[in-house]
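Structure first, commentary second.
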Amino acid sequence: MFFLTWGFLVWLGATALFRFLGHFFFSLETPVLLVASYILVIPFILILTLPIYRYKQLDSYNRLKAAILIALPGMLLDVVSLIYFSDIFINLDSRMDRIFGSWLLLAYSFILLSGFTIEKQTNKDKRCQS
């Protein structure tokens, strides 16, 4: 339940951010900021996921489950937000819906990929394998 809640909160925060400030990031008139939003989503997603995996001390299997649970609420809720894109994101040009959708796919892909991170072996783990 923790990871579903975290995923919902991440979605809510991102949706609110783009609802009120999205015109700064998603505008054809500012291509530098548009490209920057695609690049910066990667470290942002890693900051939102990897520390939680470490804090919860998840093994590789549970990290993957956590990544799915984090991504799922936003993926489901963004189905609706993309259908009503012009009504929800009134500050964005309606032509930006495809670009916003592709950005969402990138963000959710990196959330899911964060579940595949490799954990470091401790000295104790290395000795057990020998």
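Each reported figure results from applying straightforward, stated rules to the coordinates on display, with no laboratory input. This structure is a prediction, so every number in the text was calculated from the model and none was measured. Glycine also receives a Cβ, built like all others from the backbone with ideal geometry; neighbour counts cover every protein chain displayed.
Annotations for the structure displayed:
- Residues satisfying the stated conditions in region 36-53, i.e. loosely packed, with under 15 Cβ neighbours inside 10 Å and small (G, A, S): A36
- Tally of residues being touching a residue at least 12 places away in the same chain (Cβ under 8 Å) and either touching a strand residue (DSSP E or B) at 6+ places or on another chain (Cβ under 6 Å) or polar (S, T, N, Q) (or both) across region 18-61: 4
- Qualifying positions in region 15-35 - loosely packed, with under 14 Cβ neighbours inside 10 Å, not in a helix (DSSP H, G or I) and not charged (D, E, K, R): L28
- When the residues of region 91-110 are filtered to those that are of a type outside the set (K, R) and free of Cβ contacts under 8 Å to residues at least 24 places away in the same chain, the one that is farthest from L21 (Cα to Cα) is S109.
- Members of region 19-61 that are of a type in the set (D, E) and either in contact with a Ser or Thr (Cβ under 9 Å, 6 or more places away or on another chain) or closer than 22 Å to D87 by Cα (or both): E29
- Verdict on S27 being in contact with a helix residue (DSSP H, G or I) (Cβ under 9 Å, 6 or more places away or on another chain) and of a type in the set (S, T, N, Q): yes
- Scan of region 109-122 for residues that are buried (at least 18 other Cβ atoms within 10 Å of the Cβ) and either over 14 Å from V41 (Cβ atoms) or among the aromatic types (F, W, Y) (or both), ordered by number: F110, G115
- Taking region 54-94 as the range and being surrounded by fewer than 18 Cβ atoms within 10 Å (Cβ to Cβ) and among the small types (G, A, S) as the test, the residues that pass are S60, S86, S94.
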